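Values in this text are rule-based calculations from the coordinates and carry no lab data. Computed from a predicted structure; not experimentally measured. Every residue, glycine as well, gets a Cβ built from its backbone with ideal geometry; the counts of neighbours run over all protein chains shown.
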Amino acid sequence: MTAFIRAEGMGKRYGLVRAGDPGWRKRGTELWALRDIDLVVREGETVGVIGPNGAGKSTLFKLISRVTRPTRGRLEVGGRVSALIELGAGFHPELSGRENIFLCGSILGMTKKEIAARFDEIVAFSELDDFIEAPVKRYSSGMYLRLGFSVAAHLSPDILLMDEVLSVGDLAFQAKCIDWMYSFANAGRIFFLASHQMHHVERLCRRAVYLDKGRVIFDGPVERAISLYLGDLGAKENRRGRRAPEPRLQAGPLAITSISILDEAGEPLEAVAADAPLRIRIGYDAPLPVPRPKVEIAFNGGGRRVGQANTAGGGAMSATLAGKGLIEFHWPRCLLAPNHYTLDVYISDGRTMADLCVWKGCLGFRVLAPPGFRLGSGEPGFFRIPGDWTFG
C-alpha cells in the first residue's frame, strides 16, 4: 500500500470542565484543539510540525496515529503508522521491556514472528540489554525514551511520527536518534517531526506545517515556516508588554535608533541562510559631531558571546558621525552555524574607547541550515568551520 495522509476540514473538540461547589464539577467551555485542517502528505515527504505550546501539534499526531478520532471532517491514513508521542505511551508499566515490545508490535498489526525477527535489533539500538526483562515501571525517563524510540523506529512503519521527546535522553543517544531519523527521512517514507528545536526541523524536514491555536498558519518550505513562526513569537512578546531593550546613553550626545539585517538587495531579513552574504544596518542620531568613533557588533548565542566585528579590528576608519545617518557592516559569507542569535551594538569614542551608546539584545535572528547540511552530533554549535579535507 502506498503511504499517504489526507485530511479535509478536520477538527478535534474537547469538552472542558471546571470546579464547582464542593462535591461536584460542572461542564465549562469547549476547546477546539484543531480546526479546519486541510492536509495532504504523500509518500516520501518529510514534514516538521511547529508552533507554540497548545497549538495542536500533539493532537494532530494522535489523530494520525488513530489514538483518537476527529470531531468533524475527514481523515484518511494509508500505511502502517508508528508514533512516539509521549514517554511511555503504549507501554504497560507492569510488563517487562521484552513483553512491551511484543505488545506494541501486535498493536501495529504485526505477527509474533515479525516482531521476533526485529527483537534483537530493537534491544541493541536501545542499549537496554541488562534491563529488558525488568518491568518498565522501574525505568527512568531516559530508559523509557530508549525503549520507546527503538520500538517506534524498528517496527517497519510506513509513517513515523516523532513528538518532542529527545530532551530527556543523554547526548550520545540523542545523536544516535537524530542520525537514525535522518536516514529514515531520506528513505522515501513519510516522516513527521514536532519539535521546538528548529535546527532539528531544518535538518530533517523539507516541509513544515506551522500551527497556532489549532489552525494551520502556513504549510510549505521549512525555512519560510520557521521564519514566520519566529517572527510571530517576537510580535506576541511585544503585545504582552515586554519592552524591547532600549539604548543606554553612557556619555556624549549619540543614540542608536534602529538596527536591521538585510540581504544583498537591501531587503530586510527575518532569517539568514548559512554561507549567504548579509548586511547589518545601524541607524544613529548624533546632535553633536562624534569624530571617528569605534563601532562594534557582538553576536550572541546560547547566553554567551560567540563573535564580534568592529571598525578597529577590521581596519576601517569611520567618518565623523553628525546628525541622523546609517552605518552598515557587510559580511560576504555568514559562517554562523544554524541556530538562534542576538546582537549587541556598541559605539565608543575612538580616542578614549569610552562607550557613547550601547544597545544589548537589540535584534534576534536565526541562521538556517543550507541544503544537505547534516549535523554529526545533533547540536549545531555556533560556527561552521570551513576547510579542506584529504584522505590518504
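Multiplying the residue separation of Val40 and Thr352 by 0.36 nm and subtracting their alpha-carbon distance yields 106.1 nm. As a rough footprinting exposure proxy, the listed residues Leu84, Leu230 were ranked by other beta carbons within 10 Å of their own, and the order from fewest upward is Leu230, Leu84.
Note on Asp285 and Asp232: with the Förster distance fixed at 25 Å, the Cβ-Cβ geometry gives a FRET efficiency of about 0.25. Farthest toward the positive end of the dipole of the range 4-237, out of Pro93, Leu204, Gly56, is the Cα of Gly56, where the dipole comes from beta carbon charges about the Cα centre. Basic side chains Lys and Arg get +1 at the Cβ, acidic Asp and Glu get -1 at the Cβ, and with that the dipole of the range 90-142 about its Cα centre reaches some 220 debye.
Considering only Cα atoms, the convex hull volume of the range 248-368 works out to 100 Å³ per residue. Net length available on complete extension from Arg305 to Arg224 is 26.5 nm, with 0.36 nm assigned per residue and the Cα-Cα distance removed. Past the 23 Å Cα-Cα mark, which pairs from Lys176/Lys213; Lys62/Lys113; Lys12/Lys176; Lys12/Lys112; Lys62/Lys213? Exceeds cut-off: Lys176/Lys213; Lys62/Lys113; Lys12/Lys176; Lys12/Lys112.
Among Leu155, Leu108, a tally of other beta-carbon atoms within 10 Å of each Cβ gives an order, fewest to most, of Leu108, Leu155. Stretching Leu31 away from Asp179 to a fully extended chain increases their span by 49.6 nm, per 0.36 nm per residue minus the current alpha-carbon distance. In a reduced charge model with +1 at each Lys and Arg Cβ and -1 at each Asp and Glu Cβ, the range 248-368 shows a dipole moment near 340 debye about its Cα centre. Ordered by the count of other Cβ atoms within 10 Å of each Cβ, fewest first, Trp389, Trp359 give Trp389, Trp359.
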